[in-house]
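Scroll down for the structure; my scribbles are underneath it.
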Amino acid sequence: MKQVSLKIESVSKIFKDYKGREIKAVDNISFEVKPGEFVTLLGPSGCGKTTTLRMIAGFEKPTSGRILINDTNVVEIPPWKRDTAMVFQSYGLFPHMNVKENIAYGLKMRKIPKEEINKRVENILKIVGLEGFGDRPPSSLSGGQQQRVALARALVVEPSVLLFDEPLSNLDVLLREQMRVEIKRIQREVGITAIYVTHDRTEALTLSDKIVLMNKGKIEQIGTPEDIYERPASKFAAEFIGKINFFPIEVLEIGKEETTIRLKGKTYKISALPTAKSEKYILGCRPEGLKISKEGPISGKIKTVVYLGNFIEYYIDTEFGEVMIKIVPPFESELVEGSEVKIDIVPDIAKIIPED
Ligand SMILES: Nc1ncnc2c1ncn2[C@@H]1O[C@H](COP(=O)(O)OP(=O)(O)OP(=O)(O)O)[C@@H](O)[C@H]1O
Ligand SMILES: [Mg+2]
């Protein structure tokens, strides 16, 4: 497998709507994908993910900026000469062809000898876990199996870059989890450079070597899943990547490795620095970063208790709005709906985040 790098340099895309008004779908973004890396474009609906992917594939031309595949600017190169392959949300299989014919289609178009085609199709069927399914029509396959065929069809032409646009959103939850693991395994096995578009944070967290978090056409943060979950650079990033509770704080001192803060009159040493520079900060605590404790400075009343097996979620009304705390079972008998409680933070994993 050829391994290539990809660079997006100051790329923008402006569309015109039906009234001729300009829409900045993608607004001056830059990021890099290393050879063999799995990068996810994550962000809410309309933030420019698909447009970015389509520019990489060549279906859309940037209004400005450069797209480099192995240091060659490809913006003037048509899609079929770009050596990228795309897997869509709707599988887009040809219904009148069986699985093998679907997978072989791109190789036939490239005039590859028949014997070679058969070999490559058999091999890719094995990789995607569909050995023995070659003669079946796509209509006789489950959604997950059809998505595997679509993946095989993209992989079999041995593209340099594999592009995914929300490939799992048509599948039910269980299948989605299974296919998520499969996609990761297959990408690793063939070692291909991959860009994956999703608005699902769990998919982004589990699949990615690197996440490019987008918002309104711009990049909000780039980092590993852990970077973004543990050290979100903005309020938006903190909330988009997972549930979080915010509290107003006074920052007393930013030291070399720790920050002293005051929350409702109680002083804490937080074992982290602010995640980005700002004039004003708030404290961010994930549901696992809070505890119910008599020493806690925040008062609240338990509104709802949700038992999830591996966790219990407590939804608590406080003066700072609803707070959610996740605790490992067993139940504590005094923590029932309606109980008055005190809440404290876990300073080791609290985050100091720019206010806006
Ligand atoms: N061909 C087009 N003409 C005009 N506007 C467009 C066109 N394609 C996309 N847009 C606009 O550009 C913005 C970004 O769209 P894009 O499809 O890239 O979003 P997305 O992040 O993929 O969203 P979703 O998660 O809903 O798929 C949106 O405001 C969209 O309406
Ligand atoms: Mg999209």
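A quick yes/no check of all residues on (1) more than 16 Å from ligand 2 (Cβ to nearest atom); (2) part of a loop (DSSP other than H, G, I, E, B); (3) among the aromatic types (Phe, Trp, Tyr):
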| position | (1), (2), (3) |
| --- | --- |
| 9 | yes, no, no |
| 15 | no, no, yes |
| 26 | no, no, no |
| 35 | yes, yes, no |
| 47 | no, yes, no |
| 54 | no, no, no |
| 61 | yes, yes, no |
| 96 | yes, yes, no |
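For the stretch 280-317, residues that are within 14 Å of residue 335 (Cα to Cα) and crowded, with 18+ Cβ neighbours inside 10 Å total 6.
Those helices (runs of 4 or more DSSP H) of the stretch 138-229 in which 1 or more residues are within 16 Å of ligand 2 (Cβ to nearest atom) and touching a strand residue (DSSP E or B) at 6+ places or on another chain (Cβ under 8 Å) occupy 201-207.
Name every residue in the stretch 328-348 that is surrounded by 16 or more Cβ atoms within 10 Å (Cβ to Cβ) and closer than 22 Å to residue 268 by Cα, in order of residue number. Residues satisfying the conditions are 341, 343, 344, 345, 347.
The listed residues are 191, 223, and the only one of them that is closer than 20 Å to residue 38 by Cα and without any contact (Cβ under 8 Å) to a residue 40 or more places away in the chain turns out to be 223. From the list 181, 173, 197, 251, which residue is within 16 Å of ligand 1 (Cβ to nearest atom) and either closer than 26 Å to residue 129 by Cα or of a type outside the set (Ser, Thr, Tyr) (or both)? Answer to the selection: 197. Residue count for the stretch 63-94 satisfying the condition of being surrounded by fewer than 18 Cβ atoms within 10 Å (Cβ to Cβ), part of a strand (DSSP E or B) and not basic (Lys, Arg): 4.
None of the figures in this text is laboratory data; all of them are computed from the coordinates on show. Everything numeric in this text was worked out from a predicted model, so none of it was measured. Cβ sites come from the backbone with ideal geometry, for glycine too, and all protein chains shown count toward neighbours.
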